[in-house]
Amino acid sequence: MKHLIMTCLMAATLVVTAMAQVPRADYRVVPLPDVINGIKSADFKLTDQCLINYPTGNRDMERNASMLSGYIEDLTGIHLSTRPTLASKDRTGNISLFLDPKIGNGEAYNIVVTPRGVEISASTPAGIFYGIQVLRKSLPVGAFPVVILPAAQVAGSPRFGYRGMHLDCVRHFFGVETVKRYLDIMALHGMNRLHWHLTDDQGWRVEIKKYPRLTEVGGWRNGTTLGHNSPVNDGIRYGGYFTQDEIRDIVRYAADRYITIIPEIDMPGHMVAALTAYPELGCTGGPYEVWGMWGVHDDILCVGKDHTIQFVKDVLDEVIQLFPSDYIHIGGDESPRVRWQDCPRCQQRIKDVGIHAEGKKSAEALLQGWFTTQIQQYLVEKGKRIIGWDELLGCEVDTSATIMSWRGAEPGAQGALQGHDVIMTPVGPLYFDYYQTDKTWNEPTAFGGCNTLKMVYDFEPVTDMLPADKRQHILGAQANLWTEYVTCEPQIQYQVLPRMAALAELLWLQPEDKDYQDFKARLPHLVEIYKHYNWTYRAKSLIQENEDKAQD
Ligand code: ACM
Ligand code: ZN
């Protein structure tokens, strides 16, 4: 008898130990789903016997299925084959992806896990992709024969339709693989817009067939200032650009991850690289030199010349062929108008189009408005819309222009009051080129400032400056990564991780569902995934946030 009891006890201990060792998924990921309802039943066992079903003949769903298979294998070592299916009958024992038009928001997902199988449904393939990301992030990281998926319903829907990250590939140039990895990082976080800064004073980074000197000449500078605009220049020729084939490849890669790339061709300022290539585009005629310093340059496009307007239209003709995005970003920031004041052609244009200074708006500010309107109308004829930086609000631009609010949230609020759509990207706290702490001595050189993880998390895009009937103009928010001081890919990743996680959560969750301490408790598992992919991140943001800034 004693022997029997001992045997039973030992067997029970073995079962318990074996159960304890089977790793379990945890659906409390970042961003947190809106619903996690446990279902009282046995759990689902994920093994290499499971298949991933997707609707026959649907290429997007086929790609979704193979991405899910890749993610599961990456994180757990379990290989699942994918299989096209015609009906729901093959769901037992498998993961099934299917479209359900009853789910309202196209980006919303619904996951149901029972012992019989896992179903991920959404009304569009994009929603399925977000469900896949949630399942992916819930998985334990390691090499396992079996993973337990607890029985549950898990559902979510993003608060904002515009969930953006920006990347400056001008101040420092990063090639195709780095941009693709940036898109991978965005996909993991449920972000859906990449604002790609491709032209500026320090380089022109997009091949334009009609104007080859833009990249041949404008793609290269003779050296780069050391530090924060010190008088010392490294004297090293620096540059590079994306060919149109590379751009098409990146755009496709992004689209496969439900990310739209919005290119920015900044105008009429931040154009010294183009002026160096084609000096006749400037007011003085040059010579110009691709800039090796950071900041705002006085030389901008001469909009008194018809030739300049034609140049911009020609460039945009090629840009819109490359980027299917509805939006084209035409910059408009930091455009000093000193050259226009002294330029007979620009002054003649002011007369010809009947511009008169109005109150605080100089004739030259209104000339920028006139120029922007020409370009806006041109793009509208081609079926596109423009985004511009908030300086456009001072130039009387039509309200169909969407405003990117960077000099704080107030310009965005003003824009929304006037009837513009707005994307919030205020320097504080959404400039990710800023430090993540006020204790900067151990940090990689950054622009300056301090935007901690918590400051990002606490940001509210819909400012209470706005009355209820204007709030729908806030389309979402975006973090910007300018790269004056970011020279390599690990530094890109360090600047954005884990702050992108905080941004993602504020863009997906309703404000009342946000909880910073809870977010911090969920973050370490996301970081396990960063580690798995060898992405660089700021580890101190996880463990020492209290040292980052007093108000944390
Ligand atoms: C900007 O940071 N100049 C938009
Ligand atoms: Zn001029």
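This ranking places Asp234, Asp299 by how few other beta-carbon atoms lie within 10 Å of each, fewest first, which gives Asp234, Asp299. When only alpha carbons are used to place a centre, the range 341-395 and the range 402-447 end up 25 Å from one another.
Projecting the Cα positions of Leu417, Ser335, Ile350 onto the charge dipole of the range 332-418 (unit charges on Cβ atoms of Lys, Arg, Asp and Glu, taken about the Cα centre) puts Ile350 furthest along the positive direction.
How would Lys454, Lys531, Lys360 line up from fewest to most surrounding beta-carbon atoms within 10 angstrom?
Lys360, Lys531, Lys454
Put simply, the C-alpha atoms of the range 112-176 give a gyration tensor, and the ellipsoid matching it has half-axes of 32, 19, 9 Å, longest first. The range 16-84 and the range 102-159 have their alpha-carbon centroids 8 Å apart. When the Cα positions of Ile250, Pro158, Met191 are compared along the charge dipole of the range 148-252, Pro158 comes out farthest toward the positive end, with charges on each C-beta of Lys, Arg, Asp and Glu. State whether the range 35-161 is rounded, prolate or oblate according to the following rule on the C-alpha gyration tensor (a ≥ b ≥ c being the square roots of its eigenvalues): a/c under 1.5 gives rounded; otherwise a/b larger than b/c gives prolate, and the remaining case gives oblate. In terms of gyration-tensor shape, rounded. Note on the chain: helix-only mean residue ellipticity at 222 nm, from DSSP H runs of 4+ residues weighted -39500 (n - 2.57) and normalised by residue number, equals -11000 deg cm²/dmol. In plain terms, the chain from Leu417 to Glu528 could stretch by 35.7 nm, reckoned as 0.36 nm per residue minus the Cα-Cα distance.
What aspartates and glutamates could a cross-link reach from Lys361, if we take a straight Cα to Cα line under 17 Å and drop same-chain neighbours fewer than 8 places away? Lys361 reaches Asp333, Glu334, Asp390, Glu391, Glu396, Asp398.
Assuming charge only on the beta carbon of Lys and Arg (+1) and of Asp and Glu (-1), the dipole of the range 307-388 about its Cα centre is about 240 debye to the nearest 20.
Taking the range 441-507, which chymotrypsin sites (Phe, Trp or Tyr not before Pro) meet the DSSP loop condition and have no more than 12 other C-beta atoms within 10 Å?
Working: sites: Trp441, Phe447, Tyr457, Phe459, Trp482, Tyr485, Tyr494; in loops: Trp441, Phe447, Phe459, Trp482, Tyr485.
The qualifying sites are Trp441.
Taking 30 Å as the straight-line reach from the Cα of Lys40, the lysines in range (excluding those fewer than 8 positions away in the same chain) are Lys89, Lys102, Lys137, Lys514, Lys520.
Derived scalar couplings between HN and Hα for the range 247-261 equal 5, 4, 5, 5, 4, 5, 4, 5, 4, 4, 10, 6, 10, 8, 9 Hz in order, rounded to whole Hz, by the Karplus curve 6.51 cos²θ - 1.76 cosθ + 1.60 (θ = phi - 60°), x for Gly and Pro.
Positive contributions from Lys and Arg (+1) and negative ones from Asp and Glu (-1), summed over other residues with Cβ under 11 Å from the Cβ of Val456, come out at 0. The value of relative contact order for the chain, using C-alpha pairs under 8 Å at least six residues apart, is 13 percent.
Could you tell me what percent of the DSSP beta bridges with both partners in the chain are antiparallel, to the nearest 5? Let's see the in-between values first.
Values: 24 of 68 bridges.
Antiparallel bridges make up about 35 percent of those DSSP assigns within the chain.
In a simple Cβ point-charge model (Lys, Arg +1; Asp, Glu -1; nothing else charged), the chain has a dipole of about 1540 debye relative to its Cα centre. Residues His420, His172 in ascending order of nearby Cβ atoms (within 10 Å, fewest first): His172, His420. When only the Cβ of Lys, Arg, Asp and Glu is charged (+1, +1, -1, -1), the dipole of the range 408-487 relative to its Cα centre reaches about 80 debye.
Taking the empirical scaling 2.2 N^0.38 Å for compact globular proteins as reference, the range 356-484 has a Cα radius of gyration ratio of 1.20. The modelled label-to-label distance between Lys45 and Lys313, using points 7 Å beyond Cα along the C-beta direction, is 6.9 nm. In terms of its C-alpha gyration tensor, the range 180-335 has an oblate overall shape, because the principal axis ratio a/c (a ≥ b ≥ c, square roots of the eigenvalues) is not below 1.5 and a/b does not outweigh b/c. Of all lysines in the structure, the ones whose alpha carbon falls short of 24 Å from that of Lys210, not counting any fewer than 8 places away in one chain, are Lys305, Lys313, Lys382, Lys384.
Throughout, read-outs are computed from the coordinates displayed, never taken from laboratory work. Since we're looking at a predicted model, the values are computed, not measured. For neighbour counting, all protein chains shown are included, and Cβ atoms are generated from backbone atoms with ideal geometry for every residue, glycine included.
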